[in-house]
Amino acid sequence: MAPSWVKIFVVLGTLVQIALVAAKPGPDTKGKEKRAADWPIFRGNPLQPGVAGASFPAKLVIRCKFKARDAIDARAAIVNGSVFVGSRDGNLYALDLASGQKKWAYKTGPIKGGPSVHGDHVFVGDSDGIFHCVDAATGKKRWTFDAGAEVTSGGNFAGDTVLFGSYDENLHCLSKEGKELWKVNVPGGPVLASPVVAAGRTFCSGCDSTLHIIDTKTGKEQGSVPLEGQTGASAAVVGDDLYIGTMSNQMLAIDLKKQAIKWKYEAEENPQPFFSSPAVSADLVVVGGRDKRVHAFHRLTGKHAWEYATKGKVDSSPVVAGKRVYVGSADGNLYVLDVAKGILVQQIELSGPITASPAVTDNRLVIGTQNGVIYCLGKED
């Protein structure tokens, strides 16, 4: 058993990683110091907390937009003033954040998941089962990996390795050259969600209703936790706790030290699945539900703090920035809510249903719709 001081440093290291998200959320494309303006992967950083370091203006307006030829299902990545987003039209696009103009387009199969940026490369999977590595500056192919089945999971990173799930029932780990280092089978169905990475471990789940705790270097399972339901949403880690929603209508907090459920929530009336991934602040866990509501829970106890009703399913994963929550709905609106009370601050009608999650940068929010339009919103000039 490791000495107690070793455990303390592991926990402190995880907490410091969360605390630094505002200052260092992702690498720039030249490998230099990380920029406050970057949102390179799903939920902002490898722990996937969905919390931005900067506040937005009191009122958002549409600054620019870009129209793809088919739906945008998932969130964008933002690095060094470029927006990277995939579409069902079979293209990975790079757009200028300021103008919305296309920089390049890279041909793929239909894309339902979000791209991820690491170093000077963009990574994305497609419905044909191909996982692509593309040069971020030019849009030229670096390499591809055939996963054998559809990929909707985004990539996450442990050092120079990239991890992602696939419909082939596996979590894959590839080298920076695109060679498979290991894979872990999650039996019973696809691995839909983007894997979370924390303190040398990755955590994945799927149709076997089990959270798997895996060493990122070896791919060896270090433990597991029964979840009482299948999962399609990604998890978030803060400290020693992991937060995840299930298709069995429950929101769960998992104590990773004890490898046990810490608290769980299920609505007494009309319970519905959670396909949204939670945003986890210091005090609250905020998540969308297929009951057409945005829910907030007290992080430590799981007590319901507030809820806000939209007119459509909320599969979009909310982002917390300052005192606001930003989240899309299938009713075609982007909602801005007060994070403490769940009160509506602003409602912005966009071009179609929204399943994509917001990606955020300094004074900018980027989100796509099922009508194939990606919007950049910010303060009015």
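The values are calculated or read from the model by the stated rules, or taken from the named source; none is laboratory data. On a predicted model such as this, the values are computed, not experimentally measured, just so you know. Glycine gets a Cβ as well: all are built from the backbone with ideal geometry, and neighbour counts include every protein chain shown. These accessible areas exclude ligands, DNA and RNA; they are computed on the full protein's heavy atoms, side chains included. Shrake-Rupley method; radii C 1.70, N 1.55, O 1.52, S 1.80 Å.
Name the residue, out of Leu60, Leu47, Leu97, that is touching a helix residue (DSSP H, G or I) at 6+ places or on another chain (Cβ under 9 Å), under 29 Å from Val339 (Cβ atoms) and modelled with pLDDT of 95 or more. It is Leu47. Listed by position, the strands (runs of 3 or more DSSP E) enclosed by the stretch 54-138 that each have at least 3 residues that are over 28 Å from Lys323 (Cα atoms) are 91-96, 102-107, 121-125, 130-135. Taking first residues from the stretch 74-87 that are in contact (Cβ under 8 Å) with a residue 24 or more places away in the chain and closer than 16 Å to Asn45 by Cα and partners that are in a strand (DSSP E or B) and aromatic (Phe, Trp, Tyr), the Cβ contacts under 7 Å between residues at least 6 apart in sequence or on separate chains come to Ala76/Phe84; Ala77/Trp39; Ala77/Phe84; Ile78/Trp39. Restricting attention to the stretch 226-239 and to residues that are assigned to a loop (DSSP other than H, G, I, E, B) and open to solvent by 50 Å² or more (accessible area, probe 1.4 Å), the residue that is modelled with the lowest pLDDT turns out to be Glu228. When the strands (runs of 3 or more DSSP E) confined to the stretch 271-344 are screened for residues that are among the hydrophobic types (A, V, I, L, M, F, W, C) and in contact with a Ser or Thr (Cβ under 9 Å, 6 or more places away or on another chain), those reaching at least 1 such residues are found at 284-288, 293-298, 319-321, 324-328, 333-338. Listed conditions (1) at pLDDT below 95; (2) assigned to a strand (DSSP E or B) are all met by Ser351, apart from (2). When the residues of the stretch 83-105 are filtered to those that are in contact with a Leu (Cβ under 9 Å, 6 or more places away or on another chain) and of a type in the set (D, E, K, R), the one that is farthest from Leu377 (Cα to Cα) is Lys103. Among the conditions (1) out of contact with any Cys (no Cβ under 9 Å at 6 or more places or on another chain); (2) open to solvent by less than 30 Å² (accessible area, probe 1.4 Å); (3) in a loop (DSSP other than H, G, I, E, B), the only one that Ala193 does not satisfy is (1). In the stretch 259-269, is there at least one residue being at pLDDT 95 or above, surrounded by 18 or more Cβ atoms within 10 Å (Cβ to Cβ) and in a loop (DSSP other than H, G, I, E, B)? Scanning the stretch 259-269, I find no residue that is at pLDDT 95 or above, surrounded by 18 or more Cβ atoms within 10 Å (Cβ to Cβ) and in a loop (DSSP other than H, G, I, E, B), so the answer is no.
Pairs are defined by a Cβ separation below 7 Å, a sequence spacing of at least 6 or placement on different chains, a first member in the stretch 167-178 that is closer than 12 Å to Gly155 by Cα, and a second member that is among the β-branched types (Val, Ile, Thr); the pairs so defined are Leu171/Val184; Leu171/Val186; Leu171/Val191; Cys173/Thr161; Leu174/Thr161; Leu174/Val162. Spot the failing condition for Tyr326; the list is (1) more than 18 Å from the chain's Cα centre (by Cα); (2) closer than 24 Å to Asp38 by Cβ; (3) among the aromatic types (Phe, Trp, Tyr), and only one is missed. Condition (1) is where Tyr326 drops out. Could you figure out which of (1) under 23 Å from Ser316 (Cα atoms); (2) surrounded by fewer than 24 Cβ atoms within 10 Å (Cβ to Cβ); (3) of a type in the set (Gly, Ala, Ser) isn't true of Gly223? Gly223 satisfies all of (1) under 23 Å from Ser316 (Cα atoms); (2) surrounded by fewer than 24 Cβ atoms within 10 Å (Cβ to Cβ); (3) of a type in the set (Gly, Ala, Ser) except (1).
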